[in-house]
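The structure appears below as structure tokens.
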Amino acid sequence: MCGIVGYIGNQEAAPALIGGLRKLEYRGYDSAGIAVMGKNGLKVRKSKGALKFLEEKIAAELAAGDLSGSMGLGHTRWATHGEPSDINSHPHTDVSGKIAVVHNGIIENHAKLRAWLAGQGFRFRSETDTEVVAHLIDFYYKGELLPALISALKRLEGSYALGIISAEDPDHIIAARRESPLVAGLGKGKNLIASDVPALLEHTRDVYYLKDREIAILGRDGIDFYNEEGRPIEKEKFRIEWDAAAAEKAGYEHFMLKEIHEQPKALTDTLRARLRGAGSEPAGTDSGAAGSRSINLEEIGFDSSWAEAGRVVISACGTAWHAGVIGKYAFEHFARIPADVDVASEFRYRNPIYNPRDIFIILSQSGETADTLAAMRMAKKSGARIIAITNVVGSTLAREADLVMYTWAGPEIAVASTKAFTTQLMCLYLIALQFGSLRGVISAAELAAAIEALDKIPSQAERILADKETIQRFASLQFNKSKVFYMGRLFDYAASLESALKLKEISYTHCEAFAAGELKHGPIALVDPSTLVMALCTQTALFDKMVSNIKEVKARGASTAVITWEDADYFNETADSVFRIPRTLDSLSPMLSVIPAQLYAYYISVLRGLDPDKPRNLAKSVTVE
Ligand code: AGP
């Protein structure tokens, strides 16, 4: 996610902006910039890379007083559209440079607006979605920012937290929010906006949280609020009692728990930009027009020739590999196309057989994992088409692959991957469904049903998170279990792999996953009264098989828990504990069934006094073999 700061008051803006951006660095970013309104007009300075490069860039001007001014905006960018570069950094301005804009979020209809604005004679300098906002406000600007902004917001689709200043109005900052967080801080002789509380704490602890479709206008002596029609509204002021460290995690104890809770938003962002047609409102709303929607993968260069692919080959490491296993099942299920999947560290040293009509899908949250890059480069040499699914714009994988589909999960700080995993799955399902539709193996009605089910996933994930205390209580009863198995069949087996890794990597529990049908071929030898067996049971056609497997482990003294559909009472007499998740298509279940497992692993880690964000011996990105 990008970071926004705005300052207006009786002190120098530039130092306040840089200081605020420094407090947002933990969010992850790839470039930074500021705009300062001073006696010499509106000045914009921005730079790719760490904040320190921006500070170096402006040091001389600051010392000479050439960047003096008491109003300004700052931004740390996490690229979504357009690689990290000086020109793609924020703030962005209109053509004349009189209006500066900083943005956090995704303007879904940026391409359409860019084409329309270009037709109106506007020239673009960057590849970003944000730049359309600056030109759109300029298009409607008749000397006052509020009406121009209100008109522009009506044209925007997607998510935003916006900070805007104009050289023609040196006494006000205007800000607006839709889905991306934005906080206004009320100080003494100064007022600020920020994406997150840590950037405000040096100046004030009195804050207002903007809600969706609210606007704030900050002067030097106060803040006024409006709705998106421009009507004044009253807002409640809050007093922040957090310390800075707690504020960075938005009040969550660890980044991992924060990122688990960011999954509904991350899934919405990753999904919605890829749906086209009526009813593409925010995910989870009952659009009622789901049948008329289609999947739109044009941004990754998807075309009908993909339907002729003879095979899909997937390679990745760790959690991304688990997503790939689910991807294999998804391509077979929705597209009836052969799909192979292998861990990159095996793939790169095998002597794999390539077919000219292969399509490779390489998954990596960081886009920098050594084995994964090696596998991608090998596949590329075979002449096959390489699609990367990654969370980092401009990463090595993104730059070297033929096509890139980004997960818009925002920076993932915790070593244990959570929101990157579920958004990788969302991308794989979208590609598999598009394949299936193009190959004519799924009907328009089946596609519509799948799209409707995907659209509900974010709100269903929210419901699981709302009941996290159930998992927390269960963990408090189980935290001394030293031997834990996850088992399942089909999509549940693949989700078990990821569930086991979460518990293993952050609680140091010996935990493994196996296909439930394999129980009698070995794992049952390990089952005894000290064992906890977690059974994922969402594959309705195989419930009987799972009941048998659960009975087999219970007979050997194991404690048993099931994760199944909320309307399925199939396991009530079989398992010791049953956790229920909202029903979706059996084939889409891993995006939901993994969430209780993420939470369980997190609570066990905390109960054992460990740091789930920084597990021993592990790195966030394994850039060496
Ligand atoms: C997952 O929780 C682990 N941190 C690890 O397995 C990770 O998924 C793996 O190292 C791959 O990382 P990547 O997605 O950045 O390539």
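The values are calculated or read from the model by the stated rules, or taken from the named source; none is laboratory data. Treat the numbers as computed from the prediction; the structure is a model and nothing was measured. Virtual Cβ from ideal backbone geometry, glycine too; neighbours counted across all protein chains shown. Surface areas here come from the heavy atoms of the whole protein model, side chains and all, with no ligands, DNA or RNA. Shrake-Rupley method; radii C 1.70, N 1.55, O 1.52, S 1.80 Å.
Residues of region 353-386 that are modelled with pLDDT of 95 or more and among the β-branched types (V, I, T): I361, I362, T372.
The set of residues from region 419-460 being β-branched (V, I, T) and open to solvent by less than 20 Å² (accessible area, probe 1.4 Å) comprises T422, T423, I431, I451, I457.
Against the criterion of being hydrophobic (A, V, I, L, M, F, W, C), more than 15 Å from the ligand (Cβ to nearest atom) and over 16 Å from the mean Cα position of the chain (by Cα), F347 does not qualify.
Any idea which residue in region 515-569 is least open to solvent (accessible area, probe 1.4 Å), counting only those that are farther than 18 Å from S496 by Cβ and in a loop (DSSP other than H, G, I, E, B)? Going through the qualifying residues, I end up with G557. Taking the listed residues V606, V594, the one that is more than 16 Å from the ligand (Cβ to nearest atom) and surrounded by 18 or more Cβ atoms within 10 Å (Cβ to Cβ) is V606, with no other qualifying.
Can you pull out the residues in region 9-29 that are touching a Gly at 6+ places or on another chain (Cβ under 7 Å), outside any helix (DSSP H, G or I) and open to solvent by less than 30 Å² (accessible area, probe 1.4 Å)? Matches in region 9-29: G9, L24. There is at least one residue in region 60-70 that is modelled with pLDDT of 95 or more, touching a strand residue (DSSP E or B) at 6+ places or on another chain (Cβ under 8 Å), of a type in the set (S, T, N, Q) and under 24 Å from L218 (Cβ atoms).
Conditions tested, residue by residue: (1) under 19 Å from I150 (Cα atoms); (2) touching a residue at least 60 places away in the same chain (Cβ under 8 Å).
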{"position": "S180", "(1), (2)": "yes, yes"}
{"position": "I193", "(1), (2)": "yes, yes"}
{"position": "D196", "(1), (2)": "no, yes"}
{"position": "L201", "(1), (2)": "no, yes"}
{"position": "V207", "(1), (2)": "no, no"}
{"position": "G219", "(1), (2)": "yes, yes"}
{"position": "Y226", "(1), (2)": "yes, yes"}
{"position": "E229", "(1), (2)": "yes, yes"}
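In this structure, E346 does not qualify as of a type outside the set (A, V, I, L, M, F, W, C) and under 30 Å from E179 (Cα atoms).
Residues considered: L62, L42, L51. Of these, the only one that is crowded, with 22+ Cβ neighbours inside 10 Å and either closer than 23 Å to K188 by Cα or of a type outside the set (F, W, Y) (or both) is L42.
So which residues in region 366-399 are of a type in the set (G, A, S) and either closer than 22 Å to M1 by Cβ or away from the ligand (no atom under 14 Å from the Cβ) (or both)?
Within region 366-399, the first condition is being of a type in the set (G, A, S), and the residues that meet it are 366-367, 370, 374-375, 379, 382-384, 388, 394-395, 398.
Those that are of a type in the set (G, A, S) and either closer than 22 Å to M1 by Cβ or away from the ligand (no atom under 14 Å from the Cβ) (or both): S366, G367, A379, S382, G383, A384, A388, G394, S395, A398.
Assessment of region 342-349 against the conditions (of a type in the set (D, E, K, R) and within 20 Å of R489 (Cβ to Cβ)) yields no matching residue. For region 350-384, name all the residues that are buried (at least 17 other Cβ atoms within 10 Å of the Cβ) and aliphatic (A, V, I, L, M). Those that are buried (at least 17 other Cβ atoms within 10 Å of the Cβ) and aliphatic (A, V, I, L, M): I359, I361, I362, L363, A370, L373, A374, A375, M376, M378, A379, A384. Has region 409-427 got at least one residue that is under 15 Å from R274 (Cβ atoms), small (G, A, S), touching a helix residue (DSSP H, G or I) at 6+ places or on another chain (Cβ under 9 Å) and not in a helix (DSSP H, G or I)? Looking for residues that are under 15 Å from R274 (Cβ atoms), small (G, A, S), touching a helix residue (DSSP H, G or I) at 6+ places or on another chain (Cβ under 9 Å) and not in a helix (DSSP H, G or I), one finds at least one in region 409-427, hence yes.
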